[in-house]
Ligand SMILES: Cc1ncc(C[n+]2csc(CCOP(=O)(O)OP(=O)(O)O)c2C)c(N)n1
Ligand code: SF4
Ligand SMILES: [Mg+2]
């Protein structure tokens, strides 16, 4: 590595020369802006970054970044990113995917990338719809969703990205929302800093095919009551007047009022993102609007062995044990004879 | 029926012999065959083997479905196939006898373990009566040995349990057959010592039974003679045995060394390709990265990612897996990244015949993708040739920035032959360059053009991590030069033509098509892949009868060598022989308007020399 100080990069340096082709008003713009804003803070040169995506509106993302980029095929970005990272672990790798890309066609790759725990950052733009194919319901659409392909409403049960990630042994899981740009920036930064696979679900508004899907979490007059911003070591308090909390009742969360003084802060559930056992994170991932406020923030952040390091270590160990491979030796393996 | 005669032994000289060991999957026939092969190879014979095992790991014991076989052909002359007809069959149970007896030469030796011909064994194999006692085997010389009983007797003092004792009986057969063909026991004993060193009881037992089997041949006096097969006069050199999958793995490792790259092999287990993954995973000290992916799609996609980031990227599978890789192959064509995709063909369609051989994936390799999607296709012709073919595939991929499909098949993947080990220093270097500077010129614009092409239409391989060369690639149609997404009609047409021409230009970088035999004549036999040995042998035979027949075996299937069209025109007739329903023939007819005849076989088995010979004679007689 060069010892020279890196030139101070700005968000502008991370912008490519390509015209952005998302619909005006699309939540993807806000995410792009925050990523470009956070990247300079990481102190990583442009050329050491690779953005890998699948297919979907969200997956156009790499074209707009002045880093290395790979717009791959539908659902396969985690696999492509795995190859990039294994080939060159010094690269900082981001995966950008959508709810259809990452959880429908690419669900298998997503869970396996997460369980392997390579040091890769996965941003899943969840707009609960297939944007690029013009508005079919997605695996995260709510039951009863009326779309072009479900005129009478969808009948299948949606899945929940955070629960999937935690079930897949994720070492870092967070959620944020496109309209809360400061929080989003924090989450992206924390994900980037985490060693291991970081998974962020970003609620993203598709104003064309699923407008207002996350109004509950973004509208001024309700968001304080419908979301809870969780922080490590802090009690789970929410509500416009910070007058509500989450308390554990047996194994179930419940909403309690702090107003009447019968419940004190100490009785509330305190967030601990570092628990080895993922039950708390999983429980949080199951809290859903409208029954519960939906958690925003880092649900889980633990240290787990990195796949690429494990692979490198085996290589180093093999070299230590056998010496650097010599072609002659393996060609002569087994019985040989002279003619 | 010829029964066991008691005449003194004489020694009969043979130029070549084919033995098949057959038994239940649990009888250890693969091991017996491998050890016999090893000994023969070390002794100095030319060898060619054909292991044939069931798809089920343990089909019900004693059934036809559970029969496992290993054929070895060894000789004092050059051999190119595992042998058409079996001279000696060792059958360890009735099912093995039933399944294999039709392949035995009339008058051939049939050695059976008579202890396993009880009523239930016979019933499981579907015999109404005991074939050892009626005239079922009257065409053959039957030798009945009580292998189970004698093994038990030999080990009556062994501390091993009854089942472990029973498992030693294949060494009895090995000892007996070794005696019959004058093979030394030392290589087997060395192997036993190494293999079971930590388990001396097992080592002692196997060694003892091996020797008892050998001694039995000497004393039983059932054999009219023993046989000698002298050393073969192979070209001078250092030799080893090699199976195709091992050779492919070594070829990949060698190619990475020659290119100064780290090898990446993404794969998902599938018969008969898994052995390549197994072999490569033992070469970590070469910095080989093997990645067992969650499926074939992830396997190829991870390899594409690794190629983008600068590894020598390879992925391997068999037919059904190649089908899954189709979309990603298109991505590799579009992004123009170097990638080698190994397809060890097996019987299809669908799951088909997982453990049997076939060549029916040529169309899939050539055309199995959406859109106009040409890539390089090459095939290996024999077990040892897999080494050279793997290096050639890697060389072409990195030099021409394109995916290459390397076709082998179950037959050469598992079959073994002696291999004259190449001199590492004589292997050709693989040149790889990565740009470090922006390549824009003239027009004043600054930046890096990822699709700026050289005279071969090859784009630069710029690696992430290189300052100032940041660029984006992907599966969408792109503008030539800049690589920017572009949907203009004429640009698309231009790009399709350019990608096709790039692959077509590879013809300048491959050797001319050679023929074995006369450069013109009455018939040209065309083949590709693992049928090489059978076609070569058949053509040599008919040439020996004075016929003007040549053989040409195609390594480069796309693009074809530039002279191939001319070669085809120099013969009155063309016969395309392949283990499918005529795929190469179809392509040759379309490409060269040649009225080629066909010899096709889709039985999960390789060609017999005689089948090819008969077809040649039939065509010549017309
Ligand atoms: C193999 C394949 N199947 C289907 C498609 C069509 N397709 C493109 S994007 C998409 C869904 C994208 O949805 P999502 O991942 O949620 O992305 P969004 O557009 O909503 O950001 C589909 C079905 C495709 N490109 N490739
Ligand atoms: S369709 Fe929806 S997700 Fe896609 S760009 Fe338009 S607004 Fe965004
Ligand atoms: Mg979506």
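Just so it is clear, none of the values below were taken in a lab; they were calculated from the coordinates. Every value quoted in this text rests on a predicted model; they were computed, and no experiment measured them. So basically every Cβ, Gly included, is an ideal-geometry build from the backbone, and we count neighbours across all protein chains shown.
Listed from fewest to most Cβ neighbours within 10 Å, the set B:106, A:291, B:540, B:336 follows the order B:106, A:291, B:540, B:336.
With respect to chain B, whose longest principal axis is taken over its alpha-carbon atoms, helix B:489-504 is tilted by about 40°. Going from the fewest other Cβ atoms within 10 Å to the most, the residues B:344, A:155, B:567 appear in the order A:155, B:567, B:344.
How much mean residue ellipticity at 222 nm does the protein assembly as shown get from its helices, if each DSSP H run of length 4 or more adds -39500 (n - 2.57) and you divide by all residues, to the nearest 500 deg cm²/dmol?
Per the formula, -10000 deg cm²/dmol.
Normalising the Debye intensity of the range B:418-517 to I(0), with uniform scatterers on Cα atoms only, and taking log10 at q = 0.10, 0.23, 0.24 Å⁻¹ returns -0.44, -1.33, -1.37. Among B:424-431, A:279-286, sorting by the average number of other beta carbon atoms lying within 10 angstrom of each residue, highest first, gives A:279-286, B:424-431. Its Cα gyration tensor gives the range B:240-426 an equivalent ellipsoid; the semi-axes, largest first and in whole Å, are 22, 20, 15.
Per residue of A:231-237, how many C-beta atoms from partner chains lie within 10 Å of its own C-beta, taken as a mean? If you can, show how the numbers build up before the last one.
Working: counts 0, 0, 0, 0, 0, 0, 0.
The per-residue average across the peptide is 0.
Annotation for residue B:201 and residue B:372: the two label points, set 7 Å from Cα along the Cα-Cβ direction, are 7.1 nm apart. Taking 0.36 nm per residue of separation and subtracting the current Cα-Cα distance, fully stretching the chain between residue B:452 and residue B:230 would add 73.9 nm.
The spacing between the range B:534-560 and the range B:384-437, judged by their C-alpha centroids, is 24 Å. The DSSP beta bridges internal to chain B are antiparallel in roughly 30% of cases.
The angle separating the long axis of helix A:77-87 from the principal Cα axis of greatest extent in chain A is about 40 degrees. Modelled label positions at residue B:65 and residue B:572, each set 7 Å beyond Cα in the direction of Cβ, lie 5.1 nm from each other. Its residue count N sets the reference 2.2 N^0.38 Å, and the alpha-carbon radius of gyration of the range B:340-475 equals 1.36 times that reference. Listed by Cβ neighbour count within 10 Å, with the fewest neighbours leading, A:163, A:198, B:302, B:138 appear as B:138, A:163, A:198, B:302. Take the Cα of residue A:291, go 7 Å toward its beta carbon, and the backbone nitrogen atoms of the range A:239-267 under 14 Å from that spot belong to A:249, A:251-255. Computed from Cα positions, the angle between helix A:27-38 and the longest principal axis of chain A comes to roughly 60 degrees.
The listed peptides B:307-314, A:41-48, ordered by packing as a protection proxy, come out as B:307-314, A:41-48 (highest mean of other Cβ atoms within 10 Å first). Would you please classify the overall shape of the range A:147-228 from the alpha carbon gyration tensor, given that a ≥ b ≥ c denote the square roots of the eigenvalues, rounded means a/c under 1.5, and beyond that prolate means a/b larger than b/c while oblate covers the rest? Here the range A:147-228 falls in the oblate category.
Across the residues of B:458-465, average count of Cβ atoms on other protein chains within 10 Å? Spell out each step's value before the answer.
Details: counts 0, 0, 0, 0, 2, 5, 15, 9.
Average per residue, whole number: 4.
Here the range B:54-116 is described by how far its Cα atoms reach on the three principal axes: 40, 26, 17 Å, from widest to narrowest. Shielding by partners for peptide B:274-286, expressed as the average number of C-beta atoms from other protein chains within 10 Å of each residue's C-beta, is 4.
For chain B, state the semi-axes of the equivalent ellipsoid (square roots of 5 times the eigenvalues of the alpha-carbon gyration tensor), sorted largest first and rounded to whole angstrom.
Numbers: eigenvalues 492, 153, 86 Å².
In descending order the semi-axes read 50, 28, 21 Å.
Full extension of the chain between residue B:15 and residue B:278 gives 91.1 nm of extra length, using 0.36 nm per residue less the Cα-Cα distance.
With all distinct Cα pairs included, what does the Kirkwood hydrodynamic radius of the range B:521-621 come out to in Å, to one decimal, could you say? The partial results should precede the final answer.
Values: mean 1/r = 0.0744 Å⁻¹.
Taking the inverse mean of 1/r over all distinct Cα pairs, the range B:521-621 comes out at 13.4 Å.
Average projection, convex hull of the Cα set of chain A: 24.5 square nanometres.
Over the range A:29-119, one equal point on each Cα, no solvent: what is log10 I(q)/I(0) by the Debye formula at q = 0.12, 0.22, 0.23, 0.25 Å⁻¹? Debye output, listed in q order: -0.33, -1.10, -1.18, -1.31. Each residue, residue A:309 and residue B:522, gets one label point 7 Å from its Cα in the Cβ direction; the gap between the two is 7.3 nm. Past the 31 angstrom mark, what percentage of all C-alpha to C-alpha distances in the range B:10-228 do you count? Cα-Cα pairs in the range B:10-228 separated by more than 31 Å: 14 percent.
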